[in-house]
1. How much net charge surrounds VAL107 when only other residues with a Cβ under 12 Å from its Cβ are counted (Lys, Arg +1; Asp, Glu -1)?
2. Going by a ≥ b ≥ c, the root eigenvalues of the Cα gyration tensor, does the chain fall in the rounded group (a/c under 1.5), the prolate group (a/b larger than b/c) or the oblate group?
3. Could you state the angle between the C-alpha long axis of helix 81-95 and the longest principal axis of the C-alpha atoms of the chain, as a value from 0 to 90 degrees rounded to the nearest 10?
4. So what J values fall out for segment 55-60 if you push phi through Karplus, 6.51 cos²θ - 1.76 cosθ + 1.60 with θ = phi - 60°, rounded to Hz, Gly and Pro as x?
5. Take the alpha carbon gyration tensor of segment 1-41, find the square roots of its eigenvalues, order them as a ≥ b ≥ c, and report rounded if a/c is under 1.5; if not, report prolate when a/b exceeds b/c, else oblate.
6. Counting only trypsin sites (Lys or Arg not before Pro) that sit in a DSSP loop (anything but H, G, I, E, B) with at most 12 other Cβ atoms within 10 Å, what is the longest stretch of the chain containing none of them?
7. In the neighborhood of LEU23, defined by Cβ-to-Cβ distances under 14 Å, what is the net charge if each Lys or Arg adds +1 and each Asp or Glu adds -1?
8. I need the shape label for segment 85-140. Rule: rounded when a/c is under 1.5, else prolate if a/b > b/c, else oblate, with a, b, c from the alpha carbon gyration tensor.
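The values are calculated or read from the model by the stated rules, or taken from the named source; none is laboratory data. Since we're looking at a predicted model, the values are computed, not measured. Positions of Cβ are generated from backbone atoms using ideal geometry, with glycine treated the same way; all protein chains shown enter the neighbour counts. These accessible areas exclude ligands, DNA and RNA; they are computed on the full protein's heavy atoms, side chains included. Shrake-Rupley method; radii C 1.70, N 1.55, O 1.52, S 1.80 Å.
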Amino acid sequence: MIALEWNSTVGAADLALNATGALAKDDALQTAVVLSLFTDARARPDDGAEGDRRGWVGDAFAPEDRYGSRLWLLRREKQTEETRRRAEDYANEALAWLVDAALATDVSVTAEWVARGVLGLAVRIATPSGIETSQFTMRL
């Protein structure tokens, strides 16, 4: 798989390059995690996202196979404990498919406020071959 890198400064992912300038490959779960967390999942009817429910176009063809996360719903939220907890819930929900697909045996995400308006996400994924960890930040 072609590797993606999360750029917390601009709040977006970009293609990763290797030392020779060619597209880098990702043999781990990093790119899958980036896509799962930072692709906008469709908001649920009870999320209060009236008029802008977003979502991935593929959801229309396979509604039982939801893609992405609802982290985008937090972009204008206040820096509270409730917002931090919801971020953890949304991130864990977005990555649960890794366990369902038997790519991981356990996934856990911890969120913390790392600066004013900046949320940090620590992702821990247990796989049969070991533990993978990732750190991300996102501006709210």
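1. -4
2. It is rounded, given that a/c, with a ≥ b ≥ c, falls under 1.5.
3. 50 degrees
4. Each residue of segment 55-60 in turn: x, 8, 4, x, 4, 5 Hz.
5. Because a/c hits 1.5 or more and a/b fails to exceed b/c, segment 1-41 counts as oblate.
6. Value returned for the longest uninterrupted segment is 1-74.
7. Local charge sum for LEU23: -3.
8. Judged from the Cα gyration tensor, segment 85-140 comes out prolate (a/c at least 1.5, a/b above b/c).
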